[in-house]
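Student: Supplied in C-alpha cells, the structure appears directly below.
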Amino acid sequence: MNKVLDILDSMEEIRQKAAENPEQYPIDHTIRLCSAIVAQAYGYQSRTDWTDALKKLPESRYATRLSENRFHI
C-alpha cells in the first residue's frame, strides 16, 4: 500500500472506531490521533517536533493563534 493510502486507511479506521464507541473518541483525542498518523508518516517523531516547526512559521495558523493569545490547550 502506498503512503497516502496507508495514512487514509489509518484515519478511516479511527473514524470507524469512533462511530462504534463514540464515548472513547472525544473530538480532541481523535484529531490528535489523526495528526500523529500524518506527522509520523512525514518523519516527525513527536507532537513537540511538528508544533515547534509551526511556531517558527509566522504564516502558520498555529503561530498566529499563539501570538494572539488565542491558543487552546
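Student: Work out Dmax and Rg for the chain from the C-alpha atoms and quote the Rg first, both in angstrom.
Tutor: Considering the chain through its Cα atoms, Rg and Dmax are 14.3, 42 Å.
Student: In whole Hz and in residue order, list the ³J(HN,Hα) couplings for the stretch 12-29 that follow from phi through the Karplus curve 6.51 cos²θ - 1.76 cosθ + 1.60, θ = phi - 60°; x for Gly and Pro.
Tutor: Per-residue couplings from phi come out as 5, 4, 4, 4, 5, 5, 5, 5, 6, 9, x, 5, 8, 10, x, 4, 4, 4 Hz.
Student: How would Ser46, Ser60 rank on accessible area, largest to smallest, probe 1.4 Å?
Tutor: If we order Ser46, Ser60 from most to least accessible, we get Ser46, Ser60.
Student: Further question on the same structure: At 222 nm, what value in deg cm²/dmol follows for the chain if DSSP H runs of at least 4 each add -39500 (n - 2.57) and the sum is divided by all its residues, to the nearest 500?
Tutor: That calculation yields -21000 deg cm²/dmol at 222 nm.
Student: Within a Cβ distance under 11 Å of Thr64, other residues only, what is the Lys/Arg minus Asp/Glu net charge?
Tutor: Net charge around Thr64: +2.
Student: Next question, about the same structure. At each listed q (0.17, 0.18, 0.25, 0.29 Å⁻¹), what is the log10 of I(q)/I(0) that the Debye formula gives for the stretch 1-43 modelled as equal alpha-carbon point scatterers?
Tutor: Computed log10 I(q)/I(0) values: -0.45, -0.50, -0.83, -0.99.
Student: Assigning unit charges at the beta carbon (Lys, Arg +1; Asp, Glu -1) and nothing else, what dipole magnitude in debye, to the nearest 20, does the chain show about its Cα centre? Walk me through the numbers on the way to the answer.
Tutor: Values: 10 positive and 11 negative charges, 72 e Å.
It works out to roughly 340 debye.
Student: Could I ask something else about it? Which whole-number percent is the relative contact order of the chain (Cα, under 8 Å, 6+ apart)?
Tutor: Across the chain, relative contact order equals 18 percent.
Student: Among all stretches of the chain without exposed chymotrypsin sites (Phe, Trp or Tyr not before Pro) (DSSP loop, at most 16 other Cβ atoms within 10 Å), which one is longest?
Tutor: Longest site-free region, per DSSP loop and neighbour criteria: 1-41.
Student: Keeping all protein chains in the complex and leaving out DNA, RNA and ligands, what accessible area do you get for Val4 with a 1.4 Å probe, in Å² to the nearest 10?
Tutor: So the heavy atoms of Val4 present about 80 Å² to solvent.
Student: Per residue, how many Å² of accessible area does the chain show with a 1.4 Å probe? Could the numbers behind the result be given before it?
Tutor: On the way: 5910 Å² over 73 residues.
Heavy-atom accessible area per residue stands at 81 Å².
Student: Roughly speaking, to the nearest percent, how much of the stretch 12-73's 1.4 Å accessible area is carbon and sulfur?
Tutor: 53
The values are calculated or read from the model by the stated rules, or taken from the named source; none is laboratory data. As the structure is a computational prediction, the values presented were derived from the model and not from experiment. Cβ sites come from the backbone with ideal geometry, for glycine too, and all protein chains shown count toward neighbours. Ligands, DNA and RNA are stripped out before the accessible areas are found, and what is left, the full protein with its side chains, is counted by its heavy atoms. Shrake-Rupley method; radii C 1.70, N 1.55, O 1.52, S 1.80 Å.
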